[in-house]
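The block underneath contains the structure these notes are about, expressed in structure tokens.
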Amino acid sequence: MSKKTHGKTKKTRQRGVRRLADGRWRIRVYATDTRTGKQKETQKTLPATLSHAEVLAEVARLKKELALGGGAPPAERTSLSDCAVRWLEDAAARTKRSTSEL
């Protein structure tokens, strides 16, 4: 007779890998971004059809992606004076000529 795990997760030996009650996998990966030095975390739910080895391969892939700074590249920095000039140009285009000449 099997135990019911209604609403519970089953821990595995690997850190951050759990089996959900419906059979799906929940993984949580932590890594330090090599560019920024900051700790990052991501969570992902994987289908029940994956084997334990496939889940561990996905964990390794996500760790590598996080460590290499996966995601959007950092935004380019803009100085306050450049921002002000751009704002004045945009504001002049939106207002009447008599207002922008003041």
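The values are calculated or read from the model by the stated rules, or taken from the named source; none is laboratory data. It should be emphasised that the depicted structure is a prediction, and the values quoted were computed from it without experimental measurement. Cβ sites come from the backbone with ideal geometry, for glycine too, and all protein chains shown count toward neighbours.
Below are the figures for this structure:
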quantity	calculated
Subset of the range 49-65 (residues that are assigned to a helix (DSSP H, G or I) and either modelled with pLDDT under 80 or over 16 Å from the mean Cα position of the chain (by Cα) (or both))	52, 53, 54, 55, 56, 57
Some residue of the range 19-26 being farther than 25 Å from residue 67 by Cβ, at pLDDT 75 or above and aliphatic (A, V, I, L, M)	yes
Filtered residue count, the range 31-71, keeping only those that are hydroxyl-bearing (Ser, Thr, Tyr) and farther than 27 Å from residue 21 by Cα	3
For residue 100: the one exception among (1) modelled with pLDDT of 80 or more; (2) farther than 30 Å from residue 9 by Cα	(1)
Extreme residue, farthest from residue 36 (Cα to Cα), among residues of the range 75-98 that are under 30 Å from the mean Cα position of the chain (by Cα) and part of a loop (DSSP other than H, G, I, E, B)	79
